[in-house]
Each structure stands twice: as structure tokens, then as C-alpha cells.
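Below: one structure, written as C-alpha cells.
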Amino acid sequence: MKYFNKPFTQQEAIAANAIDAGIKVMRSGRLHRYNSKAGEPSETDLLEIEFAQYMQTPFALACASGGYALHIALCAAGVSAGDKVLCNAFTLAPVPGAIHNCKALPILVDIDVNFCIDLGHLHQQAKTSGAKYLLLSHMRGHIANMDRILHICELFDITLIEDCAHTMGACWDNQPSGTFGAVACFSTQTYKHVNSGEGGLLISKNAQLMARAIIYSGSYMLYHHHLAAPDPEVFTDIRLQTPNYSGRMDNLRAAILRPQLRDLDKQCHRWNKRYALIEQTLSLCSIIKLTQRHVKEQFVGSTIQFSLPSFTEQEILTVIAQCSARGVVLKWFGDTIPQGYTSRYDSWCYLENMPRLAKTEQLLSTLLDMRIPLTFSEDDCLLIADIICEVVMNTFWSVK
Ligand SMILES: *Cc1c(COP(=O)(O)O)cnc(C)c1O
């Protein structure tokens with residue numbers, strides 16, 4: 001029997017040039033982003049300008065985490081207490097958490113068979129709720145039809161906020177994911193596409209919004225240090241009207257991110273090669289259902305999702321257990337008990353007026369999810385996919 005024996009949570013080491021950059025910051029002692037020599041940009045300033053250039057957008061802000069970035073993005077976009085914010089029901093807990101942090105009310109929207117936000121339900125929820133904000137999570141890198149998303153937002157005068165934790169480096173129709181709405185947030189946490197342990201990046205084309213975000217992030221009156229920021233005049237009133245929610249990035253993390261950003265496209269390519277190998281093998285098993293991708297969707301395959309629509313809950317649990325026994329770690333978003341990083345929407349019990357989303361629950365009940373760290377070789381990916389197919393077929397035959 002085939003076994004796999006590498007950890008699914010092991011990312012690649014930080015590259016030597018990034019380590020050198022980090023050591024240089026530590027030797028200087030200037031770790032705080034505003035602690036730079038006169039006239040010299042800090043590593044954080046440089047990361048922001050490089051990320052803005054990469055994203056083809058004028059403004060970028062580095063902060064303490066992706067979830068923190070989401071919180072201040074919502075605040076900067078104007079979300080305040082009691083406001084309704086549309087949000088897909090299939091996402092990770094920091095997303096509803098960021099809405100809750102604004103004392104706003106998430107209006108959960110179903111997902112569709114491809115694990116994107118369900119456009120029909122979005123239209124209906126937008127119409128009946130009157131919500132003026134959509135926090136769209138490109139969960140697990142599945143990008144909904146952005147042409148239709150923008151149309152719905154326009155129709156109901158909705159401000160779009162993008163959660164791009166899984167789409168850094170991805171595009172829709174050659175336009176970078178994160179440049180469709182008023183503001184977008186990325187995570188640089190270890191399991192995302194660049195790794196500084198913790199960290200977040202926020203981008204916007206809107207000068208007022210970005211000025212508010214910079215003050216929220218804890219710039220004090222040092223906002224003029226920022227290079228990927230609006231002109232200082234934009235801050236004149238905003239700096240006194242906006243509270244400081246202190247959540248800056250530091251120069252050490254920025255220093256190790258800058259070389260990673262230069263390698264991002266290359267890394268995305270490596271992810272997609274591995275994803276394609278796994279997808280190809282899984283597609284040979286008729287019981288496994290893979291997602292359909294729109295031709296305009298240029299995703300990053302850092303994780304893979306597939307369904308076993310004909311399997312019962314017990315059979316899904318058998319597949320997970322047997323894969324695990326052979327070293328393949330699958331996650332199940334259908335579990336009623338929140339585990340590890342995964343939790344289903346109905347476990348966010350702090351939300352008021354929790355709806356029942358039968359369609360989402362049904363889709364999640366047979367959805368399996370797997371990380372594809374770049375420490376896996378292409379051969380590893382083929383072996384993993386073989387093991388999954390074998391386990392699925394064995395489970396199928398043993399119970400039918
Ligand atoms: C990781 C993640 C976030 C938040 O990022 P942190 O940096 O961990 O706070 C937000 N949304 C999704 C979908 C994520 O996976």
C-alpha cells in the first residue's frame with residue numbers, strides 16, 4: 001500500500017536573501033516602521049510601494065494581520081455600528097470576525113457548486129436586506145464571476161470589499177484580484193502565498209479611504225512617511241477624525257516579505273503545476289467531483305477542493321480517516337464541530353439572527369479540502385492524488 005509521509009503544514013524555508021534582509025534590520029535596531037534615518041524609506045515603506053506596483057494600484061498599506069486589515073478596510077469604507085454587510089457563508093472565521101469588530105451585521109450569502117458566492121442568492125439578499133456593503137471572500141482561491149458581482153454592486157449601490165487571503169497573485173480576466181472593489185485585503189500569514197508569520201496588506205485606489213486606513217492602522221502623525229499613500233493634504237481633516245487602532249507591520253516582517261513578493265509569480269506557477277497534477281489524477285475517478293473554473297478565472301492552486309456528492313457523512317469520515325492513516329490530510333468544512341482552522345458558518349454563534357443556509361450546508365457536507373504546500377514535489381502530488389483515489393474507491397466498494 002502507498003503511504004505519504006511529509007507534513008501538510010510545512011512551508012518552504014525563508015530564502016537566504018530574505019533572511020539576510022531580516023538580519024540587516026535586526027542589526028540596525030530599527031524595527032519600528034517609522035524609525036528610519038532621515039530621508040531614508042523604511043522596509044515597510046518599500047514593501048508598500050512594491051506591493052502597490054505589483055497590484056497596479058496607487059495605494060497600499062501594510063498591517064499586523066489579514067484579519068486586522070479587513071477590520072480597518074471595513075471601517076475605512078464607512079461601515080459603522082448596525083450596518084449590514086453581505087458576506088459569503090463559506091469563508092474563514094476572521095471574515096465574520098472583522099464585520100463583528102465593526103459592530104456591523106453580517107448578512108450571509110449561500111455558495112454555489114463551485115464554492116463561489118451564489119449570484120442568485122446575492123442578488124436576492126442585496127435586494128431584501130438593503131445592505132450597502134459586500135465583503136467578498138475569494139475563499140480557497142475560487143473567484144466568482146466578477147463581471148456579475150460588479151453588476152449587482154452597481155445595481156444596489158453596494159461598496160465592494162475584497163478578501164484576497166487566497167488570491168494573492170490571481171486574476172480575473174487579466175485584472176489582479178483585489179482591484180475590483182473599493183478596497184482589498186491580503187494576508188501574509190504563514191499558510192498564505194507569502195510568509196511573514198503574521199501580516200496583512202490593504203490596497204485601494206480611493207485617496208480618502210486609504211488616508212483613513214493609514215490613520216486607523218496607527219500612523220500617528222507620521223503618515224507623510226508612507227510612499228504608497230495619498231498626498232498629505234488628504235489627511236488634513238481625516239487625521240483628527242479617525243481613531244488610532246494600532247496594528248502596524250514592522251520592518252523585520254516587511255524585509256522578509258520584499259524578496260518573496262519578487263518571487264510571487266514564480267511561486268504561483270509552481271502551485272498551479274502541482275494543482276494541475278493532482279486535479280488531473282482526481283479527475284480520473286468518477287466519484288470525485290472537481291470544481292469548474294470560468295475561463296476568465298486565473299487562480300492560484302495553493303489548495304484544492306473536491307466533492308464526493310454521492311457519499312454519506314459516515315463515508316466522508318471514512319475517507320478522511322483512511323487518507324489520514326496513509327499520511328494524506330484532508331479537511332472537511334461540513335463538520336458540525338469546528339476543528340483546527342475550519343468552522344462552518346453556524347458555529348459563529350455570536351452572530352445575531354443566524355439564518356439556515358440549506359444549500360451551503362448541503363454543498364459543504366461533501367466538500368473536502370487539501371493544502372498543497374510547495375515543500376511537496378510534483379511526484380509527491382501524484383502519490384497523494386493516487387492515495388485519495390484509492391481510498392475513495394475502497395470506501396465506495398466497501399459500503400455499496
Ligand atoms: C487567513 C485568512 C484571513 C485572515 O488572515 P490572518 O492574517 O490570519 O488574520 C482572512 N480570510 C481568509 C479567507 C483567510 O484564509
Would you mind telling me the share, in percent, of accessible area of the stretch 1-156 contributed by carbon and sulfur at probe 1.4 angstrom? 54 percent
So what's the back-of-envelope 222 nm ellipticity for the chain, counting only DSSP H runs of four-plus at -39500 (n - 2.57) apiece and dividing by all residues, rounded to 500? -12000 deg cm²/dmol
Note to self: with every protein chain in place and a 1.4 Å probe, the stretch 262-400 gives an accessible area per residue in Å² of 48 Å²
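Semi-axes of the equivalent ellipsoid for the stretch 307-400, please: Cα gyration tensor eigenvalues, times 5, square-rooted, ordered largest first, whole Å.
Working: eigenvalues 146, 61, 20 Å².
Semi-axes from the Cα gyration tensor: 27, 17, 10 Å.
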Euclidean distance of C-alpha centroids, the stretch 365-400 and the stretch 8-74, integer Å: 36 Å
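Would you mind telling me the share, in percent, of accessible area of the stretch 185-244 contributed by carbon and sulfur at probe 1.4 angstrom? Numbers along the way, then the final one.
On the way: 1190 of 2420 Å².
Reported share for carbon and sulfur atoms: 49 percent.
Can you give me the span-like helices of the chain, meaning DSSP H runs with 24 Å or more of Cα extent along the axis and Kyte-Doolittle mean at or above 0.0? Before the final figure, lay out the partial values.
Working: long enough: 264-282 (27 Å, -1.06); 378-399 (32 Å, 0.99).
Correct list, ordered by number: 378-399.
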Roll a 1.4 Å probe over the protein chains and send me the accessible area per residue for the stretch 44-183 in Å². 30 Å²
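In percent, what relative contact order does the chain have, based on Cα pairs under 8 Å that are 6 or more apart in sequence? Each step should come with its number before you reach the end.
On the way: 775 pairs, mean separation 86.9, N = 400.
Here the relative contact order equals 22 percent.
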Euclidean distance of C-alpha centroids, the stretch 346-364 and the stretch 108-161, integer Å: 17 Å
Mind checking which lysines have their C-alpha under 27 Å from LYS273, skipping anything on the same chain fewer than 8 residues away? LYS2, LYS6, LYS192, LYS289, LYS296, LYS331
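What translational diffusion coefficient, to the nearest whole µm²/s, does the stretch 68-191 have by Stokes-Einstein, given a Kirkwood radius computed over alpha-carbon pairs, a temperature of 10 °C and 1.306 mPa s viscosity? Provide the component values of the computation, followed by the final result.
Details: Rh = 14.1 Å.
D = 113 µm²/s.
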At q = 0.08, 0.10 Å⁻¹, the log10 of I(q)/I(0) for the chain from a Debye sum over equal Cα scatterers comes to -0.43, -0.67
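The values are calculated or read from the model by the stated rules, or taken from the named source; none is laboratory data. Nothing here was measured: the structure is a model prediction, and the numbers come from that model. Only protein heavy atoms, including side chains, enter the accessible area calculation; ligands, DNA and RNA are left aside. Shrake-Rupley method; radii C 1.70, N 1.55, O 1.52, S 1.80 Å.
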